[in-house]
1. In the stretch 2-13, is there at least one residue being at pLDDT below 90 and in contact with a Lys or Arg (Cβ under 7 Å, 6 or more places away or on another chain)?
2. Report, by residue number, each residue of the stretch 68-77 that is among the hydrophobic types (A, V, I, L, M, F, W, C) and either under 13 Å from P17 (Cα atoms) or exposed (fewer than 13 other Cβ atoms within 10 Å of the Cβ) (or both).
3. For the stretch 10-67: of the residues being part of a loop (DSSP other than H, G, I, E, B) and among the acidic types (D, E), which is surrounded by the fewest Cβ atoms within 10 Å (Cβ to Cβ)?
4. Across the stretch 27-42, which residue is nearest to the chain's Cα centre (by Cα) among those that are within 13 Å of V57 (Cα to Cα) and hydrophobic (A, V, I, L, M, F, W, C)?
Amino acid sequence: RAAIDGLDDTDRIVTAPMSLAKGLEFRAVAVMACDDEVIPLQERIEAVGDDADLREVYDTERHLLYVACTRARDHLHITSVDPASEFIDDMRA
């Protein structure tokens, strides 16, 4: 599709879930909807059976956000609405 539009691989926009970003690198990355009930995903938290599972959900979600944010070579843009994900503050520390 990029060739059809006259763009080479370096001039295109790629959309992907955080889980598929590992190993990739981009000049700029936008991580969108880093809201409190989106990251970590509220449905995953509600489905947890015990504390060990809850810890795994939090660790996995935190790692996915970290991977997504570290794919940016030059520019990182993070969007959220209040309240923002607690993981955003974790990354600032």
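1. Narrowing the stretch 2-13 to residues at pLDDT below 90: 2-13.
When the remaining residues are screened for being in contact with a Lys or Arg (Cβ under 7 Å, 6 or more places away or on another chain), the result is 2.
Looking through the stretch 2-13, at least one residue is at pLDDT below 90 and in contact with a Lys or Arg (Cβ under 7 Å, 6 or more places away or on another chain).
2. First, pick out the residues of the stretch 68-77 that are among the hydrophobic types (A, V, I, L, M, F, W, C): 68-69, 72, 76.
Listed by number, the residues that qualify are A68, C69.
3. Step one: of the stretch 10-67, the residues part of a loop (DSSP other than H, G, I, E, B) are 12-17, 21-25, 32-34, 36-41, 47-50.
Filter once more, keeping what is among the acidic types (D, E): 25, 36-37, 50.
Working: E25: 10, D36: 16, E37: 12, D50: 8.
Here the residue is D50.
4. Top of the filtered list is I39.
The values are calculated or read from the model by the stated rules, or taken from the named source; none is laboratory data. These figures come from a predicted structure and were not determined experimentally. A quick note on method: Cβ atoms are made from the backbone with ideal geometry, for glycine too, and the neighbour counts reach across all protein chains shown.
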